[in-house]
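The values are calculated or read from the model by the stated rules, or taken from the named source; none is laboratory data. Note that the coordinates shown come from a computational prediction; the quantities given were computed from them, not determined experimentally. Don't worry about glycine lacking a Cβ; one is built from the backbone with ideal geometry, like all the others, and counts go over all protein chains shown.
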Amino acid sequence: MPRLRALIFDIDGTLAETERDGHRVAFNRAFADLGLDWRWDDATYCRLLSVTGGKERILHHWRSVDPDGASRPWTQTRVADIHRRKSAHYETLVSQGAIALRPGVRRLLHEARDAGVRLAIATTTTLGNVTALLRHGLGADGDAWFEVIGAGDVVPRKKPAPDIYLKVLGDLKLRPEDCVAVEDSAHGLAAAAAAGLDTVITRSTYTRSDTFPGAVAVLDHLGEPDTPAEGTVRDLPWRGHVSLRTLETWHGTLAAAG
């Protein structure tokens, strides 16, 4: 059985339910700061998640409600300012404890560290947002748990393009078959799969109704011994908690089948 050498995690919706009560709220606060009459409710934000990247999401919305304004020469500067304000509001929300790690996340990260399995992040959110969440959720050195953090605009194309995963694999100096990705969205799965990675999906608030063809497992979360996760593994019903041993078994079985 090939040894699992690294776990690569998405952030938003995967490590924590950041989107609805974190990013969405922070965007709305940034809009209010600037006197914009934009407000993203749950339904609007769910639709906007089809656009990956915060700055890209702002520009997409602006073009839909005010195409003339969104075509002015200073548009990109304005978008960057909105996004900076949004990031500051998001980090405040995290520091206030508004966002917690999802079930099983801390346990699995500890198991991986104890076993010498390397950890990495592959996300479209900004580095500051990532660092704030990891330090609040895991402790002051939380970001240091991850050997590689691929975040924000470090690659030109965002998910569903595989660029961020290819960069993280290159920085780790590992092959796709050495790793497993953990994601929550169809865009994330597409990016990881295009990079050649086996992927475990933990559905989040906004991806509960999505389909995930080709995922190793599709679960409601990673689970705890006393709070089991439910879902499917290779399209068969499964219930339990995802441990490092579980991932190694799934990964090894797939490699043997290939």
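Out of Leu133, Leu138, Leu127, one residue alone is touching a residue at least 60 places away in the same chain (Cβ under 8 Å) and at negative phi. It is Leu133.
The requirement of being more than 17 Å from Ser204 (Cβ to Cβ) and among the charged types (D, E, K, R) is fulfilled nowhere in the stretch 10-25; no residue meets it.
Residues checked against (1) under 27 Å from Pro162 (Cα atoms); (2) under 17 Å from the mean Cα position of the chain (by Cα):
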site: Phe27; (1), (2): yes, no
site: Arg39; (1), (2): no, no
site: Tyr45; (1), (2): yes, yes
site: Arg72; (1), (2): no, no
site: Asp81; (1), (2): no, no
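The set of residues in the stretch 192-230 being under 22 Å from Pro162 (Cβ atoms) and acidic (Asp, Glu) consists of Asp198, Asp210. Residues being free of Cβ contacts under 8 Å to residues at least 40 places away in the same chain and crowded, with 22+ Cβ neighbours inside 10 Å are represented in the stretch 150-164 by at least one member.
Tallying residues that are small (Gly, Ala, Ser) and out of contact with any Ser or Thr (no Cβ under 9 Å at 6 or more places or on another chain) within the stretch 162-190 yields 2. In the set Ala195, Ala191, only one residue is aliphatic (A, V, I, L, M), touching a Lys or Arg at 6+ places or on another chain (Cβ under 6 Å) and modelled with pLDDT of 95 or more; that residue is Ala191. Of all residues in the stretch 228-249, those that are outside any strand (DSSP E or B) have Cβ atoms under 9 Å from Cβ atoms of residues that are of a type in the set (S, T, N, Q), 6 or more apart or on another chain, in Arg234/Thr253; His241/Thr227; Val242/Thr202.
Of the numbered criteria (1) in contact with a helix residue (DSSP H, G or I) (Cβ under 6 Å, 6 or more places away or on another chain); (2) crowded, with 21+ Cβ neighbours inside 10 Å; (3) among the β-branched types (Val, Ile, Thr), the one Thr14 fails is (1).
Looking only at residues in the stretch 165-179 that are buried (at least 24 other Cβ atoms within 10 Å of the Cβ) and of a type outside the set (Ser, Thr, Tyr), the one that is nearest to the chain's Cα centre (by Cα) is Val168.
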